[in-house]
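Working notes, beginning with the structure itself.
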Amino acid sequence: MLTAGLAAVGCLLFLLLFASLKALFALAEDRHSRSRRLGRSEAEDTAQQVSIVWLQPLFTHLSDVLSASGWRVKPSAFWKLAFGLALGGLAGGAIVFQSLRSAALLGAMLAVLPYSLLRMSLINRQISARLNFLPAAELFYQCYLVNGSRHVRTALQRMVEERQLPGDTQAIFEELYRQLNIHHDDERTLRRFSMSIGHIWADYFSSLLAVALSEGNNIADNLRELIDDMRKARMDDHAERHRLLEIRLANFTPLFFLGLFLTINFRLNAESSALYYLSDPGGRSMLLNALVLIFGSFLMGLYLSRRKM
């Protein structure tokens with residue numbers, strides 16, 4: 001009874017928190033959309049959101065990561081999904097595991113799951129884009145020279161129209177060209193482009209584009225030097241990709257061994273295994289603890305992959 005009461009109170013608190021954050025994010029998104037329609041910059045939009053200023057860094061970061069990953073999801077909808085999963089995890093944990101600690105663990109794990117999948121999607125896109133960034137930079141350099149080394153937007157247009165790049169890289173440069181023509185905030189667009197590639201060379205490339213867009217300087221020589229440096233560092237990139245592959249394989253090893261362990265136990269004695277792992281609350285809590293540890297190792301793998309990027 002005490003556990004059920006605590007679960008009910010927790011569900012009520014989560015409902016109140018969810019409703020409050022839903023209203024705040026709706027307000028933030030509404031002001032963000034209105035200011036964008038009026039042609040204001042993101043800095044001016046941020047200055048107007050004084051009442052929700054503590055949400056702005058989270059809103060901006062999530063918006064950047066969603067855009068860089070190619071997910072067509074609004075930040076407010078993403079936060080609603082995360083808090084909805086947290087609420088479902090808390091309620092489900094209280095019913096299945098009959099423990100406030102287990103309910104809190106399951107709710108926290110499900111709340112973090114959407115962002116973890118988002119970061120994993122971004123890392124996958126970055127790995128694919130990094131493999132083809134050197135050919136993309138060379139193609140842009142050729143288009144820039146053909147254009148007379150004058151207009152970056154025209155060179156980008158010529159580049160994306162030729163469609164010589166693989167899928168993800170082509171989509172990233174198409175998004176860059178589209179956003180540069182639609183929005184007035186070139187800094188935000190270039191920041192998201194650099195995040196989509198996830199490499200120091202993309203940061204240098206974005207810096208060159210920013211200088212060319214803001215000051216109109218000729219960056220042909222700088223582009224040639226950048227491409228030369230990227231060619232020299234190609235072998236180092238191969239070594240880094242092998243390290244990333246090792247990290248990604250290690251992420252799924254604990255889950256494989258847990259599945260193997262449970263399969264062996266159920267094959268040897270299905271009745272006793274079902275009684276202990278499924279019927280007994282202690283056995284269910286043990287499985288939950290194992291999943292939490294595996295999820296923690298998955299998050300650590302994402303963090304290490306991000307550091308290696």
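The values are calculated or read from the model by the stated rules, or taken from the named source; none is laboratory data. Given the structure is predicted, the values throughout are model-derived calculations rather than measurements. No Cβ is skipped: glycine too gets one built from the backbone with ideal geometry, and neighbour counts run over all protein chains shown. Each accessible area value is taken on the protein alone, full model and side chains, heavy atoms only, with ligands, DNA and RNA left out. Shrake-Rupley method; radii C 1.70, N 1.55, O 1.52, S 1.80 Å.
Got a sec? Which helices (runs of 4 or more DSSP H) wholly within the range 56-144 have at least 1 residues that are over 21 Å from Phe205 (Cα atoms) and in contact with an Asp or Glu (Cβ under 8 Å, 6 or more places away or on another chain)?
So the answer is 56-69, 75-96.
Please specify each residue of the range 162-205 satisfying the condition of being under 15 Å from Leu139 (Cα atoms) and among the β-branched types (Val, Ile, Thr).
Thr169, Ile172
Hey, can you tell me all the residues within the range 63-83 that are aliphatic (A, V, I, L, M) and either touching a Cys at 6+ places or on another chain (Cβ under 7 Å) or in contact (Cβ under 8 Å) with a residue 40 or more places away in the chain (or both)?
Val65, Leu66, Ala68
Within the set of pairs 6 or more residues apart or between chains, which connect a residue that is under 17 Å from Ala212 (Cα atoms) inside the range 130-153 to a residue that is β-branched (Val, Ile, Thr) and open to solvent by 50 Å² or more (accessible area, probe 1.4 Å) with Cβ atoms less than 6 Å apart?
Taking only residues 6 or more apart or on different chains, the pairs are Asn147/Thr154.
Every residue, every condition in (1) under 25 Å from the mean Cα position of the chain (by Cα); (2) touching a residue at least 24 places away in the same chain (Cβ under 8 Å); (3) open to solvent by 80 Å² or more (accessible area, probe 1.4 Å), yes or no:
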position: Phe256; (1), (2), (3): yes, no, yes
position: Gly259; (1), (2), (3): no, no, no
position: Asn265; (1), (2), (3): no, no, no
position: Ser272; (1), (2), (3): no, no, no
position: Leu278; (1), (2), (3): no, no, yes
position: Pro281; (1), (2), (3): no, yes, no
position: Arg284; (1), (2), (3): no, yes, no
position: Phe295; (1), (2), (3): yes, yes, no
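Here is a yes/no grid of residues against (1) at pLDDT below 80; (2) in contact with a Leu (Cβ under 7 Å, 6 or more places away or on another chain); (3) closer than 15 Å to Ser116 by Cα:
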site: Phe256; (1), (2), (3): no, no, no
site: Asn265; (1), (2), (3): no, no, no
site: Asp280; (1), (2), (3): yes, no, no
site: Leu288; (1), (2), (3): no, yes, no
site: Gly301; (1), (2), (3): yes, no, yes
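Within the range 170-194, restricting attention to residues that are open to solvent by 50 Å² or more (accessible area, probe 1.4 Å) and in contact (Cβ under 8 Å) with a residue 40 or more places away in the chain, which residue is farthest from the chain's Cα centre (by Cα)?
Result: His184.
For residues in the range 96-125 being modelled with pLDDT under 90 and β-branched (Val, Ile, Thr), which is nearest to Arg284 (Cα to Cα)?
Among those residues, the one meeting the criterion is Val96.
Of the residues in the range 195-213, how many are surrounded by fewer than 17 Cβ atoms within 10 Å (Cβ to Cβ), more than 20 Å from Ser149 (Cβ to Cβ) and among the hydrophobic types (A, V, I, L, M, F, W, C)?
1
Those residues that are of a type in the set (Gly, Ala, Ser) and modelled with pLDDT of 85 or more, I need them from the range 126-184; list them, please.
Result: Ala136, Ala137, Ala155, Ala171.
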